[in-house]
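In what follows, a structure is listed as C-alpha cells, so that the remarks can point back to it.
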Amino acid sequence: MLPEVTPLNPKSTNFVAKVEGISLSEPQTSETVEALFNALDTFAVLVFPNQVLTDEQHIRFSRYFGDLELATGDYMKQDDRRLQMELNDISNLDRTGGKMEAADPKRLFSLGNMLWHSDSSFKAIPAQYSILSAKIIPATEGDTEFADMRAAWRALDEKTQQKCLGQVTRHSQLYSRGELGFTEFREDQQEAMVPVRQALVRRHPRTKNSSLYLSAHAGLIEGWTVPESRIFLKRLAEHATQREFVYRHKWSVNDLVIWDNQATMHRAMGYDNKEVRDMRRTTIAGVTSSLEEMPA
Ligand code: OGA
Ligand code: MN
C-alpha cells in the first residue's frame, strides 16, 4: 500500500504534507520510496507522525534517499559524542545522557540552529535532505519553522530576481557562528570552516524549480563588498521568511520530519534548558554543487 499524503499547512497546498499509512521501521519497497521522493518534490517538507524508531532503523530508512553525511559539522561534539557518526545530535544532552549546563559551549554553539539556515550549506557539496526524529520534547516550546524558498523566489519582483541570477555566494560556519558572537577559533577549526561557493539561485535537480538558496552561513556575494552583500542577503532572507512562506511545526514525540534543504530553510525556535529535548538527525549528502544548478 502506498503512503497517504495530505497537505498540512493552512497557508499552502504545496508546502508541507503529512504522511501516514507507512511504518518507517520496516524495509520499504521501491514504489514507496519513489512515492516519497515525489511527495518531497511537491511539498518539500514531510511530517510522519508516530514513527517509533531505533537509531539503526532511522539510519536504514534514511539510506533510501542517498548516502549519509557524517556529523562532522557538529565539530564541538566530536570528542564527546553521544550518538553514532551518522546522527547529528540535536539535543541538550551530553555523552552520558545528562542535561548540559546552560553555559556549556556545546549548547551555546548549537543555538546557531535558531538562525534561518539550510543544512550543510557550508559544505562545497551541500546536503539534499535532512531527516529529524523527535525522541523527547519540551512540554510547550521547541517548535521548528520551515520557509518555502521556491515560493519566496517566485514572489520576488523581476528586478530583484535579475539582481540575484548568476550571483555566487560564500558560505561558512564562521559567518553564522560569528553572528552569535563566536569569533575565536583554533587554526584547525578555521581550516575546517573555509568558505565554500554556492549559487544564490538554484534549480532543483529533480523538479527543475528555481529557489533562493539562502542560509545563515552565507556571508558574502562574490564581487560585492561585505556590507552590501550582508544587507542584500538579509533583505532576501526577510522577504523569504515572511509568514506567508513559513510553516511552524509543533512537535509530538515520535514525529519524524524530512525536509529538502535544496528548496527550504528552517530554524529552531528554542526552549528552556530546564527541559530536555532529544532529537536526532540524519542528513542525505548532495551529489553536485549548487553551482551546477544555476538557472541559465
Ligand atoms: C536541524 C535543525 C531545528 C530544531 O536539525 O538541522 O536545525 O528545531 N533543527 O531543532
Ligand atoms: Mn538545521
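Per the conditions (1) part of a loop (DSSP other than H, G, I, E, B); (2) in contact with a strand residue (DSSP E or B) (Cβ under 6 Å, 6 or more places away or on another chain); (3) farther than 27 Å from Arg82 by Cβ; (4) not polar (S, T, N, Q), the sole criterion not satisfied by Ala127 is (3). Residue selection: Leu24 satisfies the criterion of being among the aliphatic types (A, V, I, L, M), crowded, with 17+ Cβ neighbours inside 10 Å and more than 16 Å from Thr207 (Cβ to Cβ).
Would you check if Glu141 is acidic (Asp, Glu) and without any contact (Cβ under 8 Å) to a residue 12 or more places away in the chain? So Glu141 fails the test. Look at the range 98-113: where a residue is over 18 Å from Gly142 (Cα atoms) and a partner is part of a helix (DSSP H, G or I) and within 16 Å of ligand 2 (Cβ to nearest atom), sitting 6+ places away or on another chain with Cβ atoms under 7 Å, you get Pro105/Met76. In the range 33-48, the residues that are surrounded by 24 or more Cβ atoms within 10 Å (Cβ to Cβ) form Cβ pairs under 6 Å with partners that are small (Gly, Ala, Ser), at six or more places apart or across chains, as follows: Phe43/Ala17; Ala44/Ala263. Among the residues making up the range 146-166, those that are buried (at least 19 other Cβ atoms within 10 Å of the Cβ) and not aliphatic (A, V, I, L, M) are Phe146, Asp148, Arg150, Trp153, Cys164. Based on this model, can you work out whether Leu180 counts as among the hydrophobic types (A, V, I, L, M, F, W, C) and either buried (at least 20 other Cβ atoms within 10 Å of the Cβ) or without any contact (Cβ under 8 Å) to a residue 40 or more places away in the chain (or both)? No; evaluated as a whole, the condition is false for this residue.
Read-outs: derived from the displayed coordinates by stated rules, not from any lab. Bear in mind the structure is a predicted one, so any value in this text is a computation, not a measurement. All Cβ positions, even for glycine, are placed from backbone atoms using ideal geometry, and neighbour counts span all protein chains on display.
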